[in-house]
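The values are calculated or read from the model by the stated rules, or taken from the named source; none is laboratory data. Values in this document were obtained by computation on a predicted structure and should not be read as measured data. Every residue, glycine among them, receives a Cβ derived from its backbone with ideal geometry; neighbour counts consider all protein chains shown.
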Amino acid sequence: MPTDSDDEALFAALENEEDPSYRDTRIQQLNAEFASGKNNRSTDAPSSTSTVPPTSTSATLTHNDSYPTLTTDQSVLDHTTSSTRSLIHFYHPDFTRCSIMDRALSQLAPHHHEVRFARVDVRNTPFLVEKLGIRVLPCVIGFKDGVGVERVVGFEGLGERGFDATDSGFRVGVLEKRMVGKGVFVGVKVGEGGGGVVRMRMRRMRGVGGGGMGLGLRGGRERVFGVGG
């Protein structure tokens, strides 16, 4: 059975491999490993489930046919490995910044038909969250032929002159330009002057007191609870 070090080597190869034949072999290995791990988890805990019903996770999300919600590790693997260009938003429904990022991607998706957009609740994809090293949210990963070529963590690099964006928001066109630069998007459709600025919708959050942000906000990023140290 593959060890954790084998897993890490596999994902490192997927991130960097340019030869399609080698990449396809590694993708098949990854799918086989995921299936094996899923069977082992089912044997250890036959009555448990890690899937959160979609109806309980989408209260803050924008519903858009061009930007669907995936619900399992396997569906994410299928989505990214069967598309030339794809983009996945790993989110948590209680995190305010994930909602902001979601609105930005909802604006971009209708303009970029060359890319398969999707979102997924991190609580439903423990395998990929761990293997991809996702520790803070939002996390947006752009893929080309199943290989991750760009990762946006939190609002890093989305502010003015390349600085990190704050709760005052960021321009949708800046995110678009970043994906164009890595070849995830074919070209600029919205532009830095288009799409407007996505901002926080002010509301009282669960567990917030004394004006604090709550919900694990850490310097512009929101931590994935229960993952890592």
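Step by step: first the residues of the range 106-130, then only those that are buried (at least 20 other Cβ atoms within 10 Å of the Cβ) and of a type in the set (Lys, Arg), then the one that is farthest from Val188 (Cα to Cα). Which residue is that?
Of everything passing the filter in the range 106-130, Arg119 is farthest from Val188 (Cα to Cα).
Which one of Val197, Val140, Val224, Val186 is surrounded by 19 or more Cβ atoms within 10 Å (Cβ to Cβ), under 21 Å from the mean Cα position of the chain (by Cα) and modelled with pLDDT of 65 or more? Walk me through it before giving the result.
Working: Val197 fails: surrounded by 19 or more Cβ atoms within 10 Å (Cβ to Cβ); Val224 fails: modelled with pLDDT of 65 or more; Val186 fails: surrounded by 19 or more Cβ atoms within 10 Å (Cβ to Cβ).
On inspection, the qualifying residue turns out to be Val140.
Using the structure shown, decide if Arg218 is at pLDDT below 70 and of a type in the set (Lys, Arg). If you could, list the steps in order and put the result at the bottom.
Details: at pLDDT below 70: yes; of a type in the set (Lys, Arg): yes.
Yes: the conditions hold for Arg218.
Which condition does Gln107 not pass, out of (1) over 21 Å from Val136 (Cβ atoms); (2) at pLDDT 95 or above, if it passes all the others?
Status for Gln107: all satisfied but (2).
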